[in-house]
Amino acid sequence: MIHDDDKERFVQALLGWFSVNMRDLPWRRDYTPYRVWVSEIMLQQTQMERGVTYFNRWMGRFPDVAAVARAAENDVLKAWEGLGYYSRARNLHRAARLIMQEHGGVFPCRYEDIRALPGVGDYTAGAIASIAFQQDAVAVDANVERVFSRLFDIDTPIKEKENAAFVRHTAQSLLPRGKARLFNQALMELGALVCGKKARCPLCPVQQWCEAFRLGIVQERPVLTARKSIVPIEVATGFLVHQGRIFIQKRPEMGVWAGFWEFPGGCIEQGETAEEAVRREFMEETEFDVVPREKIAVVRHGYTTYRATLHCYLLELRGGSDVPVLHAATESRWVRFAELDGYTLPAGHRKLVDMMAGSLQWQWLQGG
């Protein structure tokens, strides 16, 4: 437990540890508001190593807010492809345009204005305000919640409203004035490197204040709410090839993967084979009568609460027109296999393309 007369010692121990153990991350080399903002949005739901790769690539493509604002949404989504949770990219794009229009291209520094940007919540606003502008704001992410749940032995679900309020209030009471940039990053770094899901207590610089460690129940904290069960689904899709080109269609602007390009397909219904499903889906979505030539791949991909198994076929038109009648998609194209790299695809479909690029069947996809 951290008593009032221990607060300064606690902070000194934490910051001393951070000064030695902080990771060399690209956004820590230059704390501009834009770089901090992009890193915080990108690291939501993204592992650090992957985030570093995408951050460097993003900065090469969009070096400042103006570059993001000028870009078409499809270009922004393409740069984001593979990170998932694409609403983050759309919100970055919307926020960049808002900054250009309402703030003259200058990233806002007031917490309230930062919080008002699309896609920015309490944590992200606090992180930007403290790390980029060195304001005395707290930034509580999952790492900080885990650290505090152990320090103070919080024995009810950490996401409960009263616990969230306690963590924010306590973090604010510990925050050393003028050092929020270091303090917030140190807490998050501690949660990432030492006080992770599998705690490394012997390495902890604040172990002496940890109530869960004193009680021997570190691995029982934090208490989590029950996770939603993963729902398995079976999906049939395919590469419809005609005159050396593959058919793709664009999803509606609302809903899952809004505005992405895809290969038609859908869930396999009860009592239906994958071949029957892919024929039905193409007929329902495009009115194409297709013939499965062969099954070429099975790919598994997880998203939100689903675990999808994609059964992919090489398909031919049985006959008739090669002009689709679209019932849900907004646009369609016949493209060469190599051109698919220029389109933003759902992650499962991108896996199919990458798999086929290294296979023998790709020559047939090229019309050979």
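Points worth noting:
- Some residue of the stretch 55-76 being under 20 Å from Leu190 (Cα atoms) and in a helix (DSSP H, G or I): no
- When residues of the stretch 80-112 are limited to those that are within 28 Å of Gly255 (Cα to Cα) and of a type in the set (A, V, I, L, M), the one farthest from the chain's Cα centre (by Cα): Met100
- Of all residues in the stretch 53-68, those satisfying the criterion of being aliphatic (A, V, I, L, M) and either surrounded by fewer than 19 Cβ atoms within 10 Å (Cβ to Cβ) or in contact with an Asp or Glu (Cβ under 6 Å, 6 or more places away or on another chain) (or both) are Met59, Ala66, Ala67.
- Qualifying residue in the stretch 156-169 (condition: outside any loop (DSSP other than H, G, I, E, B) and farther than 28 Å from Ala199 by Cα): no
- Test: residue in the stretch 133-148 that is surrounded by fewer than 19 Cβ atoms within 10 Å (Cβ to Cβ), out of contact with any Pro (no Cβ under 8 Å at 6 or more places or on another chain), in contact (Cβ under 8 Å) with a residue 60 or more places away in the chain and not assigned by TED's automatic domain parsing to the domain that holds Val353: no
- From the list Val290, Val235, the lone residue that is at pLDDT 95 or above, over 20 Å from Met355 (Cα atoms), in contact with a Leu (Cβ under 9 Å, 6 or more places away or on another chain) and assigned by TED's automatic domain parsing to the domain that holds His349 is Val290.
- Scanning the stretch 3-28 for residues that are basic (Lys, Arg) and within 23 Å of the chain's Cα centre (by Cα) yields Arg23, Arg28.
- Among residues of the stretch 215-230 that are touching a residue at least 40 places away in the same chain (Cβ under 8 Å) and more than 18 Å from Gly191 (Cβ to Cβ), those with a beta-carbon under 9 Å from a residue that is assigned to a loop (DSSP other than H, G, I, E, B) and of a type in the set (Ser, Thr, Tyr) at least six positions away or on a different chain give the pairs Lys228/Thr304; Lys228/Thr305; Ser229/Thr305; Ile230/Thr305.
- Looking only at the stretch 206-262, and only at residues there that are within 25 Å of the chain's Cα centre (by Cα), buried (at least 18 other Cβ atoms within 10 Å of the Cβ) and of a type in the set (Val, Ile, Thr), the one that is nearest to Arg336 (Cα to Cα): Ile248
- Residues that are within 18 Å of Asp113 (Cβ to Cβ) and of a type in the set (S, T, N, Q), drawn from the stretch 125-155: Ser130, Gln134, Gln135
- Scanning the stretch 288-314 for residues that are free of Cβ contacts under 8 Å to residues at least 40 places away in the same chain and among the aliphatic types (A, V, I, L, M) returns Val291, Val298.
- Taking every residue in the stretch 1-27 that is outside the structural domain of Ser39 (by TED's automatic domain parsing) and of a type in the set (Gly, Ala, Ser) and pairing it with any residue that is buried (at least 16 other Cβ atoms within 10 Å of the Cβ) and in a helix (DSSP H, G or I), at least 6 positions away or on another chain, yields no pair with a Cβ-Cβ distance below 7 Å.
- Looking only at the stretch 333-358, residues that are closer than 13 Å to Leu240 by Cβ and in contact with a Lys or Arg (Cβ under 7 Å, 6 or more places away or on another chain) come to 2 in all.
- In the stretch 160-170, the condition of being among the aliphatic types (A, V, I, L, M) and without any contact (Cβ under 8 Å) to a residue 24 or more places away in the chain is met by at least one residue.
- Thr309 vs. criteria surrounded by 13 or more Cβ atoms within 10 Å (Cβ to Cβ), among the polar types (S, T, N, Q), outside the structural domain of Thr46 (by TED's automatic domain parsing) and more than 29 Å from the chain's Cα centre (by Cα): no
- Residue match in the stretch 75-95 (condition: of a type in the set (Val, Ile, Thr) and touching a residue at least 60 places away in the same chain (Cβ under 8 Å)): no
- The listed residue being touching a Ser or Thr at 6+ places or on another chain (Cβ under 9 Å) and not β-branched (Val, Ile, Thr), out of Leu190, Leu182: Leu182
- For the stretch 290-311, the criterion of being assigned to a loop (DSSP other than H, G, I, E, B) and closer than 14 Å to Val241 by Cβ is met by no residue.
The values are calculated or read from the model by the stated rules, or taken from the named source; none is laboratory data. Being a predicted model, the structure only gives us computed values, none of them experimental. Note: ideal-geometry Cβ built from the backbone for every residue, glycine included; neighbour counts use all protein chains shown.
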